[in-house]
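Below you'll find the structure, written out as C-alpha cells, and then a few comments.
The values are calculated or read from the model by the stated rules, or taken from the named source; none is laboratory data. Just so it is clear, the model here is predicted, and its values are computed rather than measured. Every residue, glycine among them, receives a Cβ derived from its backbone with ideal geometry; neighbour counts consider all protein chains shown.
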C-alpha cells in the first residue's frame, strides 16, 4: 500500500515534468534543429560521396577506338563525334576530361593527377597497339598482350569498413546524447533551483518526501528525453539511410539500441548530480556556479569515444575508461562498436555503474533534501548532509 | 486535535523552540502570535515535517504526525511559493494530485475554488501574470483543495487588502465550522482578536500566554473602568479605596480596580458626588496583552 502511494506520488511529479517539457518550445526546437543539422550533413556527405565514388568519366573524340578500349579498363568512356560536343560535355561536367584527336586533353579546371596518368598510359598502350598492328600483329592478340590482367585483391579485415561505420555512428550518437544530457541536466538544476528560490519546495515537502520529488523529476525528465532521443534517432537514421550514408542500417540500429541501453544509467547518474547541485543554490542565477564541476565530469566522459573514434579501440586507457562509472556510459558502447569487448568487462562496467548510482542516490538524495530548505548563498555539501540528518 | 507536545528545536546552538506545548481543538481557530523570530514559522514547519524537531512531537488525534497523516494537512507557508510559468488551474490540480485527489475531482475542485474566491485570471494566464492578491488566493486554495483535516497557515493575511482579508477570514471560519482545527500566525492582532477562539503568544520559543482573549485579559491584570462625572471636584477619585487612578483628563478618569466589587463602589461614590455622564469597563486589547506578554 505504502509502495503504491510512493509510486503514485512519483508518477504525479514525473507527469508534471513530462508535460512541462512537451509544452516547452525549446524542447521541440532542439529536436528539429538537431535532426535538420544531421539530415543536412548526411545530404552533403551523400552529394560529396556521389561525386568521388564512381570511376571518372573521359570523353573520346573521333575514331580513337584503341584509346577508348585502353581507357575502358580504368574509367567510363563516352564517345563524341567532334571536339565541340566534347567541350560541351566537359563544361556540363558529364565527363571529367575529354581526349581530342591530336592527343590534347580538355578539362574544366585542372586535370586530376591519377586521371592524367591513366590517360597517358592509355595513349601509350594505343600507340603500342597501332605500332604492333602496323608491323603485322593481329588486332585481338595485341590488345590482350598489352592489357594487364585485373588485380586479384584479398582483404584480411573485410569487417573494418563496417566497424568504422559502427564506431562513427556510435561516436556521433554519444555526442548527441551528451548534448541532450547536458540540456536535461541544466533543465533539472534550474527546475530545482526555481522550486527552491520561489519557496514552492516548502509546499511540496509538506506533501511529499524529498526523494519522491527527486525520483519523479529524474523519471519525468528522463521520459521526455527518451521521447526526444527516439524522435531524433528515427529522423536521423531515416535521413542517413535515405541519403545512402549508411551501408549497413541494421548495424547502425543495433549500435543505437546499445547506446540507449548505456545512456539510461549514465543519464540517471548525471541528472542526479545536476539535481543535487541545483538544490545547493538559493537563487537561479547561481546555478551555473554549482553545475561547473558536474559539467567537467560530464566532459570527461567524452574521452572514451574520442579514443575509440581515433582508432585506439584496443588502447588500455580506453579499456580503463570504459569501466569507470560516469565515463563508461559513453566509452563502452563506442568501444563495443569498434571492437570485440570481453563479456566480463561489459558486465563489470554495467555493474559498477549501477553500484555508483545506488550510492549516489543515497548520498545525493540526502544532500538534495538537506540543501532544499537551506538558504543564503551556496550551501556546502557537508552542511546540506548535516541538515538532512535533522 | 492537533497537539504540540514538548517540541524543541535549535539551529546552530541557538534555541528556537523550547518545550512548546499546546493543542488546537477540532473546529477551533487558534491564533499564533509572537514577535519576529519568536519561533512561529519553525513550529509550523515542524508540524508539516518540513523541518524535524530535536525533541518532542506533534500529534494528530493522539498519534505522532507522519508522512501519511501530513498529507491530510493543509499548509500555507509564510514565503509564498507557486510555479510562475503554470496556470493557476494546472498548479492547483498538481497540488491536489500530490495530496491524493483523483485527477477529475482535482480539476473540479480547483475550478470551483477559483470561482468561489474570485481569482481573476484568464484561462491561459500563468501565475506570474496575476496580481499579488490573486496569487495569495491561489496559495490559499492550494492549502484547501484536498479538504484538509487540519489547516496550518503562516501569515495568511499579510499583503491582503481589506476585501481579500474578509474573504480569507470567511474561508477560515467556514473551515472551523466544519470541524477543522485551524492554526494561523499573524501580526494583525485586531484580526486575531476578532477571529480566533483561542490565542497563543510565543516569546523566545516558549509559549508565554495561551487561552481565549478573555482569559488572557483576566490573566493580564486587574480590570479598568473609565468614568466621566460632572459637577465634582477634580480630584474626587483620589479618595476611593481599592482603586488606583491611572489617568485623569478632560473630566474622564481611568481607574484600575482591585476587584469587581470595587466597580460598584466607584459607581455609587460617583453618583453621590455628582452627575455621571459615562461609566464603562476599559477592555485591554490583544495588542496590550501581547506587548505585556512579550515584554515590550
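Some observations on this one:
- Residues satisfying the stated conditions in the stretch B:77-113, i.e. in contact with a strand residue (DSSP E or B) (Cβ under 9 Å, 6 or more places away or on another chain) and at the interface with chain A (Cβ under 8 Å from one of its Cβ atoms): B:77, B:79, B:99
- Verdict on residue A:183 being in the same structural domain as residue A:307 (by TED's automatic domain parsing), crowded, with 23+ Cβ neighbours inside 10 Å and closer than 22 Å to residue A:284 by Cα: no
- Options A:251, A:244: the member that is surrounded by fewer than 17 Cβ atoms within 10 Å (Cβ to Cβ), in the same structural domain as residue A:371 (by TED's automatic domain parsing) and part of a loop (DSSP other than H, G, I, E, B): A:244
- Single match in B:86, B:76 (criterion: farther than 21 Å from residue B:172 by Cα and touching a residue at least 24 places away in the same chain (Cβ under 8 Å)): B:86
- Taking the stretch A:1-53 as the range and being at pLDDT 80 or above and not in a helix (DSSP H, G or I) as the test, the residues that pass are A:23, A:24.
- Test: residue in the stretch B:242-259 that is in contact with a strand residue (DSSP E or B) (Cβ under 7 Å, 6 or more places away or on another chain), surrounded by fewer than 20 Cβ atoms within 10 Å (Cβ to Cβ) and assigned to a helix (DSSP H, G or I): no
- Some residue of the stretch A:301-310 being surrounded by fewer than 16 Cβ atoms within 10 Å (Cβ to Cβ) and either outside any helix (DSSP H, G or I) or in contact with a helix residue (DSSP H, G or I) (Cβ under 6 Å, 6 or more places away or on another chain) (or both): yes
- Criterion (in a loop (DSSP other than H, G, I, E, B), closer than 14 Å to residue A:266 by Cβ and in the same structural domain as residue A:252 (by TED's automatic domain parsing)) met by exactly one of A:324, A:341: A:324
- Matching option when the condition is more than 14 Å from chain B (Cβ to nearest Cβ) and more than 24 Å from residue A:243 (Cα to Cα), among A:19, A:107: A:107
- Being within 30 Å of residue B:216 (Cβ to Cβ) and within 14 Å of chain A (Cβ to nearest Cβ) is a condition met by at least one residue of the stretch B:26-42.
- Qualifying residue in the stretch B:53-68 (condition: over 24 Å from residue B:200 (Cα atoms) and facing chain A (nearest Cβ under 9 Å)): yes
- Within the stretch A:95-120, the set of residues being touching a strand residue (DSSP E or B) at 6+ places or on another chain (Cβ under 7 Å) and assigned to a loop (DSSP other than H, G, I, E, B) comprises A:95, A:96, A:100, A:101, A:111.
- Residue match in the stretch A:54-62 (condition: at pLDDT below 85, within 27 Å of the chain's Cα centre (by Cα) and more than 14 Å from chain B (Cβ to nearest Cβ)): yes
- The lone exception for residue B:23 - which of (1) without any contact (Cβ under 8 Å) to a residue 24 or more places away in the chain; (2) within 14 Å of another protein chain (Cβ to nearest Cβ); (3) not in a helix (DSSP H, G or I) it fails: (2)
- Those residues of the stretch A:211-232 which are within 14 Å of chain B (Cβ to nearest Cβ), under 23 Å from residue B:74 (Cα atoms) and crowded, with 21+ Cβ neighbours inside 10 Å, in sequence order: A:212, A:213, A:216
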